[in-house]
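Report on the structure given below.
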Amino acid sequence: MQLLHAADMDGAVGALDNVETFSALLDGFRRHMPKRTLVLSSGDNFIPGPRFYGAADPSTAAFLGVPGIGRGDIALLNAMGFQAAALGNHEFDLGPRALASIIAPEQGEDGRYVGAAFPYLSANLGLADDPALLPLVTADAQRAPLAAGSLARSVIVDLDGESIGIVGATTPHLAWISSAGAVTVEPADGFDLDALAEVIQQAVDHLTGQGVNKIILLAHMQQIAIEQQLASLLKDVDIIVAGGSNTILADKTDRLRDGDRAAGNYPLRMRSASGEPLLLVNTDADYRYLGRLVVRFDRDGLVMAKSVDPSVSGIYATDKEGSAASAAAPIPGVSRIVRTLRAVIQERDREIVGRTSVYLAGRRSDVRTQETNLGNLVADAFLWLARQYDPRVAVALKNSGGIRDQIGRVWQPAGALQADEVAFAPPAGNPASGKRDGDISRFAVESVLRFNNGLVIVPITARKLVDLLEHGVGFDGVGEVPDGRFPQVAGVRFSFDPVGPPGRRIRSLAIVDDEDRVTDRVVENGVLVGHPERAIHIAVLNFTANGGDGYPFALPAPGRIDLAGEAGQYNPPSAEFPDTNGNGLIDDPVAVDPGLVDFAAPGTEQDALAEYLAQFHRDTPFDRAETSAIDDRRIQNLGVAGARDTVFESPDAR
């Protein structure tokens, strides 16, 4: 059997740069074994962003039939002949209703959208619990092909007379990191891997009970260490295709892109709970590599690990050199989709909202572990826009998991071998669109803040502010292990001890004014000072205020203002948090919208960043360069060698 696989095709423009070569490699390899090839994805096939929203442009009707958000990515997978996919967390970013509209067929006035021609799978999600998804849920362990847009725990694919069972599984932290709606996620304790394995095993046993003895698990667990642990807890699974971690596995015969390093061998050779051989594969995101596993099974359906030839199996880079080595041309349907989506995105790249003279750090490994200049810029924009509605807002907080891209160029110069030799620069110009070096376009804003959640103002207490920030730094490995709950902040400075007990890590915390001067000492030497119930108004996303990433906001929140909602729509003020401006605080959100840009709805995070850049950095470039963790001012990690607490020092004393 030949397994061709990918996952996490959710980048901004990068995926469109790679997918044609990816399709050429895929088609070429499939021709070698046309009757015994499986093409699978382990999830995160799309994500809100320029490509995602670009699919709703009328110009896409030519290949979609009915334009709609996210449908361009499904069309790409259809054109390449994907046969099944796991549900990842990003499939749920806009909720189950949006997911249903992306994968289900639709008959329009002038055409028909065919939907996903492959089933989406997850054994640990109660998909039928959500009314938007219920019509798409079908019986488990059916033989493919299934109806377009089908959802199930498992499916059976016949390859040249052999039955291959495919099971999906989704991170049990789905409700925490995305928008699961009414979907039930098992197990309730996302850290209980034994319970998760038990749920997956039930789906596997359903297949083996029908005589299927070759089984592949598409596991979108976000961390490859979790898939490795699951391997030792499951029986009768032959291959696990991991997803969500972007981990590169490669063997010595695989050519990697410049600057890439393998985190392990391809495939990882493991043993199941019953001691049977099991192979685990994964590769990087955004169609940067095609994974290829060619393997034999014995008469009992056990995978024969020794049959894997490293010169055949492995990962194949989709860069220029990979394109030259491809044995086939790009799939025509893929090229057609790419051309259309690229034209939509290019048009948006012409819309300039600001300028920068420095690289803006938004890479996952940066923004989820420490303060970054891009995180500061986004939080500053939140605070500024919120104050257009209510000048009392003192603090802004942005979950770093919602910052999805950097603004600028990252590359490894020729001959460089070390990670610290990576070069960073402001965004490059685009002669085709008229964008100059250093320009920040609408496309960049949409890429960075792909989810485009709405901003809200929530009146909280000093005690609650401490609780929120303690949660933001309260996970194991904070400062080293990327976690989407890590906060980026404005209007506040704090220091924390990364090895202190969770909930008691913040050592100093101060609210500061626009000149970075301390106006309120909230925590000193780890102790909350002043009246713990004093009111503080904070600007956050509705995702965060609704409990996203586990942030402990109260629901409902008295006095909460939804800036992206309808005029005057907010919770009534309480006696504790009176509305001193009267009930006209946001009578007409559009009237107080700065109105410098208009591509995103007023009150959303994209609008906040774009308006802020247009106000302050249209002519004067943003120039605050990224700093190392030891020089960070707003978020001070006291576990960094040589770090000292300067939260209460004057702005120029450090």
- Query: Given the conditions (1) over 26 Å from Ala610 (Cα atoms); (2) open to solvent by 10 Å² or more (accessible area, probe 1.4 Å), and given that Phe451 satisfies all but one, which numbered condition is not satisfied?
  - Reply: (1)
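Picking from Val481, Val473, which residue would you name as being of a type in the set (A, V, I, L, M) and modelled with pLDDT of 95 or more? Give the derivation first.
Details: Val481 fails: modelled with pLDDT of 95 or more.
Just a single option satisfies the conditions, and that option is Val473.
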- Given (1) in a helix (DSSP H, G or I); (2) out of contact with any Asp or Glu (no Cβ under 7 Å at 6 or more places or on another chain); (3) open to solvent by 10 Å² or more (accessible area, probe 1.4 Å), number of the condition Val19 does not satisfy: (3)
- Could you tell me which of the residues Arg387, Arg348 is farther than 20 Å from Ala510 by Cβ, open to solvent by 20 Å² or more (accessible area, probe 1.4 Å), basic (Lys, Arg) and assigned to a helix (DSSP H, G or I)? Arg348
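Any idea how many residues of the stretch 1-17 are over 17 Å from Gly243 (Cβ atoms), modelled with pLDDT under 95 and of a type outside the set (Gly, Ala, Ser)?
Step one: list which residues in the stretch 1-17 are over 17 Å from Gly243 (Cβ atoms), which gives 1-2, 12-14, 16-17.
If we keep only those that are modelled with pLDDT under 95 as well, we get 12-14, 16-17.
Next, only the ones that are of a type outside the set (Gly, Ala, Ser) stay: 13, 16-17.
Qualifying residue count, the stretch 1-17: 3.
Under the condition of being small (Gly, Ala, Ser) and at pLDDT 95 or above, which residue from the stretch 89-112 is farthest from the chain's Cα centre (by Cα)?
Just the residues of the stretch 89-112 that are small (Gly, Ala, Ser), to begin with: 95, 98, 100-101, 104, 108, 111.
Next, from what is left, pick out any that are at pLDDT 95 or above: 100-101, 104.
Numbers: Ala100: 19, Ser101: 20, Ala104: 22 Å.
The qualifying residue farthest from the chain's Cα centre (by Cα) is Ala104.
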- Query: Looking at (1) open to solvent by less than 20 Å² (accessible area, probe 1.4 Å); (2) without any contact (Cβ under 8 Å) to a residue 40 or more places away in the chain, which is the only condition Val155 fails?
  - Reply: (2)
- Determine, yes or no, whether Thr208 is farther than 12 Å from Gly168 by Cα, open to solvent by 40 Å² or more (accessible area, probe 1.4 Å) and hydroxyl-bearing (Ser, Thr, Tyr). yes
- Of all residues making up the stretch 29-38, the number that are surrounded by fewer than 18 Cβ atoms within 10 Å (Cβ to Cβ), among the charged types (D, E, K, R) and in a helix (DSSP H, G or I): 1
- Hey, does the stretch 321-333 have a residue that's acidic (Asp, Glu) and in a loop (DSSP other than H, G, I, E, B)? no
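Counting only residues that are among the β-branched types (Val, Ile, Thr), assigned to a strand (DSSP E or B) and in contact with a strand residue (DSSP E or B) (Cβ under 9 Å, 6 or more places away or on another chain), which one in the stretch 515-541 is surrounded by the fewest Cβ atoms within 10 Å (Cβ to Cβ)? Show your work before the answer.
First, pick out the residues of the stretch 515-541 that are among the β-branched types (Val, Ile, Thr): 518-519, 522-523, 527, 529, 536, 538, 540.
With the extra rule that they be assigned to a strand (DSSP E or B), the set shrinks to 518-519, 522-523, 527, 536, 538, 540.
Now restrict to residues that are in contact with a strand residue (DSSP E or B) (Cβ under 9 Å, 6 or more places away or on another chain): 518-519, 522-523, 536, 538, 540.
Values: Val518: 16, Thr519: 11, Val522: 25, Val523: 23, Ile536: 22, Ile538: 26, Val540: 28.
By that ranking, first place goes to Thr519.
Could you tell me how many of the residues in the stretch 143-152 are assigned to a strand (DSSP E or B) and within 17 Å of Ala169 (Cα to Cα)?
Narrowing the stretch 143-152 to residues assigned to a strand (DSSP E or B): 143, 151-152.
Right, trim to within 17 Å of Ala169 (Cα to Cα) and you get 151-152.
Of the residues in the stretch 143-152, 2 are assigned to a strand (DSSP E or B) and within 17 Å of Ala169 (Cα to Cα).
What is the residue count in the stretch 351-364 for residues that are assigned to a loop (DSSP other than H, G, I, E, B) and either open to solvent by 50 Å² or more (accessible area, probe 1.4 Å) or charged (D, E, K, R) (or both)? Can you show your working first?
Our first condition is that a residue be assigned to a loop (DSSP other than H, G, I, E, B); within the stretch 351-364, this holds for 351, 357-359, 361-363.
Right, trim to either open to solvent by 50 Å² or more (accessible area, probe 1.4 Å) or charged (D, E, K, R) (or both) and you get 351, 357, 363.
The total comes to 3.
Residue-by-condition table, conditions (1) of a type outside the set (Phe, Trp, Tyr); (2) more than 19 Å from the chain's Cα centre (by Cα); (3) within 30 Å of His471 (Cβ to Cβ):
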| position | (1), (2), (3) |
| --- | --- |
| Asp158 | yes, yes, no |
| Glu162 | yes, yes, no |
| Asp192 | yes, yes, yes |
| Val199 | yes, yes, yes |
| Ile215 | yes, yes, no |
| Gln223 | yes, no, yes |
| Gln228 | yes, yes, yes |
| Ala231 | yes, yes, no |
- Message: Criterion first (under 17 Å from Leu509 (Cα atoms), exposed (fewer than 15 other Cβ atoms within 10 Å of the Cβ) and among the small types (Gly, Ala, Ser)) does Ser650 satisfy it?
- Response: yes
- Query: Does the stretch 220-243 contain any residue that is surrounded by fewer than 18 Cβ atoms within 10 Å (Cβ to Cβ) and assigned to a strand (DSSP E or B)?
  - Reply: no
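Every residue in the stretch 445-479 that is more than 20 Å from Gln370 (Cα to Cα) and not in a strand (DSSP E or B), please.
If we filter the stretch 445-479 for residues that are more than 20 Å from Gln370 (Cα to Cα), which is where we start, we get 445-447, 450-464.
Within the stretch 445-479, Val445, Glu446, Ser447, Arg450, Phe451, Asn452, Asn453, Ala462, Arg463, Lys464 meet the criteria.
Please pick out the residue among Val338, Val367, Val303, Val308 that is surrounded by 17 or more Cβ atoms within 10 Å (Cβ to Cβ) and within 30 Å of Arg634 (Cβ to Cβ). First the steps, then the outcome.
Numbers: Val338 fails: within 30 Å of Arg634 (Cβ to Cβ); Val303 fails: within 30 Å of Arg634 (Cβ to Cβ); Val308 fails: within 30 Å of Arg634 (Cβ to Cβ).
When all the criteria are applied, what remains is Val367.
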- Message: Can you go through Ala197, Ala203, Ala188, Ala169 and tell me which one is open to solvent by less than 10 Å² (accessible area, probe 1.4 Å), under 30 Å from Ala545 (Cβ atoms) and of a type outside the set (S, T, N, Q)?
- Response: Ala169
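Could you look through the stretch 480-492, keep only residues that are closer than 16 Å to Thr369 by Cβ and not aliphatic (A, V, I, L, M), and pick out the one that is farthest from the chain's Cα centre (by Cα)?
Glu480
Do we have Gly259 as under 22 Å from Gly402 (Cα atoms) and surrounded by fewer than 24 Cβ atoms within 10 Å (Cβ to Cβ) here? Explain how you work it out, then say what you get.
Details: under 22 Å from Gly402 (Cα atoms): no; surrounded by fewer than 24 Cβ atoms within 10 Å (Cβ to Cβ): yes.
For Gly259, the condition - under 22 Å from Gly402 (Cα atoms) and surrounded by fewer than 24 Cβ atoms within 10 Å (Cβ to Cβ) - is not met.
Just to be sure, is Gly165 within 21 Å of Ile216 (Cα to Cα) and free of Cβ contacts under 8 Å to residues at least 60 places away in the same chain? Let's see the steps before the verdict.
Details: within 21 Å of Ile216 (Cα to Cα): yes; free of Cβ contacts under 8 Å to residues at least 60 places away in the same chain: yes.
Against the criterion (within 21 Å of Ile216 (Cα to Cα) and free of Cβ contacts under 8 Å to residues at least 60 places away in the same chain), Gly165 qualifies.
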- Note on the structure: Considering residues that are open to solvent by 10 Å² or more (accessible area, probe 1.4 Å), touching a residue at least 40 places away in the same chain (Cβ under 8 Å), more than 26 Å from Asp437 (Cβ to Cβ) and touching a helix residue (DSSP H, G or I) at 6+ places or on another chain (Cβ under 8 Å), the number found within the stretch 602-642 is 3
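Looking only at the stretch 1-16, count how many residues are part of a helix (DSSP H, G or I) and either without any contact (Cβ under 8 Å) to a residue 12 or more places away in the chain or open to solvent by less than 20 Å² (accessible area, probe 1.4 Å) (or both). Quick ask: steps written out before the conclusion?
So the first thing to find is which residues in the stretch 1-16 are part of a helix (DSSP H, G or I), and the list is 14-16.
Subset that is either without any contact (Cβ under 8 Å) to a residue 12 or more places away in the chain or open to solvent by less than 20 Å² (accessible area, probe 1.4 Å) (or both): 15-16.
Count: 2.
For the stretch 369-384, which residues satisfy the criterion of being part of a loop (DSSP other than H, G, I, E, B) and either of a type in the set (Val, Ile, Thr) or modelled with pLDDT under 95 (or both)? It would help to see each step written out before you state the result.
Narrowing the stretch 369-384 to residues part of a loop (DSSP other than H, G, I, E, B): 369-372.
Residues satisfying the conditions are Thr369, Thr372.
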- Item | Residues of the stretch 177-218 classified as modelled with pLDDT under 95 and in a helix (DSSP H, G or I), total | 1
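Can you tell me which residue is farthest from the chain's Cα centre (by Cα) among those in the stretch 289-317 that are assigned to a loop (DSSP other than H, G, I, E, B) and without any contact (Cβ under 8 Å) to a residue 60 or more places away in the chain?
Initially, the stretch 289-317 is screened for residues assigned to a loop (DSSP other than H, G, I, E, B), giving 295, 298-302, 308-313.
Then drop every residue that is not without any contact (Cβ under 8 Å) to a residue 60 or more places away in the chain, which leaves 298-299, 308-312.
Values: Asp298: 39, Arg299: 41, Val308: 32, Asp309: 34, Pro310: 31, Ser311: 33, Val312: 31 Å.
Ranking the candidates gives Arg299 first.
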- Note on the structure: Glu515: passes all of (1) more than 18 Å from Ser400 (Cα to Cα); (2) in contact with a Phe, Trp or Tyr (Cβ under 7 Å, 6 or more places away or on another chain); (3) at pLDDT below 95 but (2)
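Listed residues Gly68, Gly88; which is farther than 25 Å from Thr318 by Cβ, in contact (Cβ under 8 Å) with a residue 12 or more places away in the chain and not polar (S, T, N, Q)?
On the way: Gly88 fails: farther than 25 Å from Thr318 by Cβ.
Of Gly68, Gly88, the one residue that is farther than 25 Å from Thr318 by Cβ, in contact (Cβ under 8 Å) with a residue 12 or more places away in the chain and not polar (S, T, N, Q) is Gly68.
The values are calculated or read from the model by the stated rules, or taken from the named source; none is laboratory data. It should be emphasised that the depicted structure is a prediction, and the values quoted were computed from it without experimental measurement. Quick reminder, even Gly has a Cβ in these numbers, built from the backbone with ideal geometry, and neighbours come from all protein chains shown. These accessible areas exclude ligands, DNA and RNA; they are computed on the full protein's heavy atoms, side chains included. Shrake-Rupley method; radii C 1.70, N 1.55, O 1.52, S 1.80 Å.
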